[in-house]
Amino acid sequence: MQETHINRARASLRQALSWYSSKTRVKPHSPTAALQTELEVLTNSLEKLDSSVIHIAAFGLVSRGKSAVLNALMGEKILQTGPLNGVTQWPRSVRWTPSTNSKVQVELIDTPGLDEIQGQARAEMARGVARQADLILFVVSGDITRTEYQALCELRQTQKPLILVFNKIDLYPEIDRKTIYRNLQQLGAGSLETQLTRPLEEDEIVMVAAEPAPLSVRVEWPDGRISYEWETPPPQVDELKQKILNILNREGRSLLALNALVQARVAEANIAEKTVAGLDADAEKLIWSFVRYKALAVALNPIAILDVLGGTVADLALIRSLARLYGLPMTGYEAGKLLKTILLSSGGLLLGELGTSIVFGLGKSAAAVASGENATNLTAYGSAAIAQAGIAGYGAYAVGRAAQAYLEQGCTWGQLGANTVIQEILSQVEPNTILYRLRQELQQNLGMPND
């Protein structure tokens, strides 16, 4: 299943890149050099999928031991640590090979403290890393402070899988350690203005001692002498390492695919927003031209049902014409799917208008057939035709405005659209996985129906 998710995500990104890259060359109102940032996001997301690199970023306030945690995971001291605040001045990535049989590669990203004095630029840099990360480690070293809680809430808003790492447990007696652990489990249940979207699960909190404090050890020598030496215990990170390995093996590639698609969705939405800017007047003119065309075509067609089918064809043509105006992708299949979505999401209003139009169409056809016998039937035909034309025109305008709103989101709901593939992945994730827990939050953010 994970391989399917990767392949679907790769196909979606390739389609988006193919479309938008070609449009930059042929459409004057389409993405131009000003949109290279968004195109680079799509390109980088595809390259990340092809390289199968999972990014795990460590965040936290200063002196919580972020670098030490990553060093302990790697089994060697690569990242600089020290007693002073702000040792990590900028994000730094290191490659980690946690398992020889893993199908994904891992980059561990160390970040500056989120609360460093005069460190706003570094904090912004860290938030940028969070948007690119596939898994977040939030490191604390005791009861969480208000600043840490607010930072944790901000990171949870990125809707990435997150593990809360309680570091430096060697500094606490067992009873205090358990109390702090229970307090961490209750996060989100308090009355702070900013709240977590949901409380942390028990297995989303891991206790570690990444760089235990040296212990004084009594040494008895053969000659009877007694001395005391300082000995540093080994790091206690096995539980955290095993949890990360379980995530990578069970859902790592699905996680990679989902994050790439979420990034692509944002990039496509930005492309669409910039593409349609300044085209509102042209879109309004186009919609009204189809309103007139559809009303006239339906009114003049004397054959019941065919007039309604002709109106449907006009609606489909309107949707595709708007897409061409904006320079955004829209196939005939997608236009039909969008029209169906618009009809069903209108609260029954458009479907009701369609039914009324059919009734008037049948009356119009009957009047047309009988017009040779009685001239007054021509008046009946005209009345029915005018009423049906008004209904058809209203429907065309409603469809046009709804399609316009859709297109401004970047057409991410096609067969291989980012939203479509995201929804596929979320519907297939297994229970008791970290992605399953995030499913409801992601669905709400993307405007998807919850299961």
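Within this structure, residue 21 fails the test of being modelled with pLDDT under 90 and part of a strand (DSSP E or B).
Considering the conditions (1) surrounded by fewer than 22 Cβ atoms within 10 Å (Cβ to Cβ); (2) modelled with pLDDT of 80 or more; (3) more than 30 Å from residue 324 (Cα to Cα), residue 252 is excluded by exactly one of them, (1). All conditions in (1) open to solvent by 20 Å² or more (accessible area, probe 1.4 Å); (2) without any contact (Cβ under 8 Å) to a residue 60 or more places away in the chain; (3) under 24 Å from the mean Cα position of the chain (by Cα) hold for residue 245, with the sole exception of (2). Residue pairs whose Cβ atoms lie under 7 Å apart, separated by 6 or more positions or on different chains, with the first residue in region 157-170 and under 24 Å from residue 128 (Cα atoms) and of a type in the set (Val, Ile, Thr) and the second open to solvent by 10 Å² or more (accessible area, probe 1.4 Å) and not in a strand (DSSP E or B), are 158/131; 163/243.
What's the total number of residues in region 270-284 that are part of a helix (DSSP H, G or I) and either at pLDDT below 80 or open to solvent by less than 30 Å² (accessible area, probe 1.4 Å) (or both)? Summing the residues that are part of a helix (DSSP H, G or I) and either at pLDDT below 80 or open to solvent by less than 30 Å² (accessible area, probe 1.4 Å) (or both) in region 270-284 gives 8.
Which count do you get for residues in region 46-62 that are of a type in the set (Asp, Glu) and either assigned to a loop (DSSP other than H, G, I, E, B) or touching a helix residue (DSSP H, G or I) at 6+ places or on another chain (Cβ under 9 Å) (or both)?
Selection size over region 46-62: 1.
Tell me, yes or no, whether region 200-221 has at least one residue that is under 30 Å from residue 92 (Cα atoms), open to solvent by 80 Å² or more (accessible area, probe 1.4 Å) and either small (Gly, Ala, Ser) or in a helix (DSSP H, G or I) (or both). Yes: one or more hits.
Do you know which of the residues in region 285-315 that are at pLDDT 85 or above and open to solvent by 50 Å² or more (accessible area, probe 1.4 Å) is nearest to residue 21 (Cα to Cα)? Among those that are at pLDDT 85 or above and open to solvent by 50 Å² or more (accessible area, probe 1.4 Å), it is 285. Evaluated against (1) aliphatic (A, V, I, L, M); (2) under 16 Å from residue 423 (Cα atoms); (3) in contact with a Leu (Cβ under 6 Å, 6 or more places away or on another chain), residue 271 falls short on exactly one condition, (2).
Residue count for region 167-190, restricted to those that are at pLDDT below 85 and either buried (at least 18 other Cβ atoms within 10 Å of the Cβ) or aliphatic (A, V, I, L, M) (or both): 2. Kindly indicate whether residue 15 is of a type in the set (S, T, N, Q), modelled with pLDDT under 90, surrounded by fewer than 16 Cβ atoms within 10 Å (Cβ to Cβ) and in a helix (DSSP H, G or I). It is false that residue 15 is of a type in the set (S, T, N, Q), modelled with pLDDT under 90, surrounded by fewer than 16 Cβ atoms within 10 Å (Cβ to Cβ) and in a helix (DSSP H, G or I). Each residue in region 45-60 was checked for being touching a residue at least 60 places away in the same chain (Cβ under 8 Å) and either of a type outside the set (A, V, I, L, M, F, W, C) or crowded, with 20+ Cβ neighbours inside 10 Å (or both), and 11 of them qualify. Considering region 409-449, and only residues there that are open to solvent by 70 Å² or more (accessible area, probe 1.4 Å) and at pLDDT below 80, the residue that is nearest to residue 247 (Cα to Cα) turns out to be 440. Exactly one residue among 213, 257 is in contact with a helix residue (DSSP H, G or I) (Cβ under 9 Å, 6 or more places away or on another chain), over 23 Å from residue 98 (Cβ atoms) and in contact (Cβ under 8 Å) with a residue 24 or more places away in the chain, and that residue is 213.
The values are calculated or read from the model by the stated rules, or taken from the named source; none is laboratory data. The structure presented is a predicted model; accordingly, all values stated were derived computationally and were not measured. Quick reminder, even Gly has a Cβ in these numbers, built from the backbone with ideal geometry, and neighbours come from all protein chains shown. We work out accessible area using only protein heavy atoms, side chains counted, and drop any ligands, DNA or RNA first. Shrake-Rupley method; radii C 1.70, N 1.55, O 1.52, S 1.80 Å.
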